[in-house]
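S.K.: Below is a structure I'd like to ask you about.
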Amino acid sequence: MIYDSAEPFHLIARDYYEQVVLELPADDAFSLAGVNRSDDLLARTFDCGGASGAVAAFFVHLAQRQDGDRLGAHHLESQATALGASLIGLLASGRCALPESLRRTEALAYMRKHLADPDLDAEAIAGGLHLSRRTLFRLFEGTGESVMARLRSLRLERARLMLRTQPGKRVSTIALETGFSSSVHFYRAFRTVTGMTPSEYRQAGVAGGAASPVVPDLET
């Protein structure tokens, strides 16, 4: 649990227990965690599972090392403040809404994971993230690209990588594997952004030093 040592409190335990206490300057710890200091996190127990469990285990093991390996424990103590602040941040994220930057990162990860799905659209992305369409659109406001424009950019980014690194794969296959509904749609989008067709882009890479054979592909 997290508690304010400057305030009176009562700790009640039904069974035998051992206690490891980490003392941190409150203002500095909350500031380092990137959250506002409030009473919401105080005097509340938390589950020692997942990432918070890993941090709690560090402090338990550190306390155990202090008797048998004082020098080693001393070297590890320098990590205590940062880890303590990380624990505050972890617990706060479970009670507060995620910052928009993190939600946007989740959205981008979801897009990349489902990039090959030609039916992936704003509604599908929002549903996969359990967000409303309005919330999803808001995440990309001010980034210079709308949700669907960013999805197209990710698809073209993946396509360029495949054209450079998989010269034996047909362009039409790359179009399908990057989620474009047709080769025609892929060619038009690719040329609009790069100023050249996928085959021209691939040939430019070959001329620049790629040695693998190129499979010709009919362009529409």
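S.K.: Only residues in segment 6-34 that are touching a residue at least 12 places away in the same chain (Cβ under 8 Å) and surrounded by 10 or more Cβ atoms within 10 Å (Cβ to Cβ) count as the first member; pair them with residues that are of a type in the set (A, V, I, L, M) and assigned to a loop (DSSP other than H, G, I, E, B), Cβ under 7 angstrom, at least 6 apart or cross-chain, and list the lot.
M.R.: These pairs meet every condition: F9/A43.
S.K.: Anything in segment 181-204 that is among the aromatic types (F, W, Y), in contact with a Pro (Cβ under 9 Å, 6 or more places away or on another chain) and under 16 Å from Q166 (Cβ atoms)? List them, or say none. Spell out how you get there, then give the answer.
M.R.: Quick first cut of segment 181-204, residues among the aromatic types (F, W, Y) only: 186-187, 190, 201.
Remaining after also requiring in contact with a Pro (Cβ under 9 Å, 6 or more places away or on another chain): 186-187, 190.
Answer for segment 181-204, where residues must be among the aromatic types (F, W, Y), in contact with a Pro (Cβ under 9 Å, 6 or more places away or on another chain) and under 16 Å from Q166 (Cβ atoms): F186, F190.
S.K.: Looking at this structure, is D119 under 30 Å from A26 (Cα atoms), acidic (D, E) and open to solvent by 70 Å² or more (accessible area, probe 1.4 Å)? Break it down into steps so the answer makes sense when it comes.
M.R.: On the way: under 30 Å from A26 (Cα atoms): no; acidic (D, E): yes; open to solvent by 70 Å² or more (accessible area, probe 1.4 Å): yes.
When the stated conditions are applied, D119 does not pass them.
S.K.: Further question on the same structure: Could you look through segment 186-205, keep only residues that are in a helix (DSSP H, G or I) and of a type in the set (A, V, I, L, M, F, W, C), and pick out the one that is surrounded by the most Cβ atoms within 10 Å (Cβ to Cβ)?
M.R.: Per the criteria, the residue is F190.
S.K.: Right, another one. Hey, can you tell me all the residues within segment 129-148 that are in contact (Cβ under 8 Å) with a residue 12 or more places away in the chain, more than 11 Å from R104 (Cα to Cα) and surrounded by fewer than 16 Cβ atoms within 10 Å (Cβ to Cβ)?
M.R.: M148
The values are calculated or read from the model by the stated rules, or taken from the named source; none is laboratory data. Bear in mind that the values here come from a model prediction, so they are computed numbers and not experimental data. Reconstructed Cβ throughout: ideal geometry from the backbone, glycine too, with neighbour counts over all protein chains shown. Accessible surface is based on the protein model in full, side chains and every heavy atom, while ligands, DNA and RNA are left aside. Shrake-Rupley method; radii C 1.70, N 1.55, O 1.52, S 1.80 Å.
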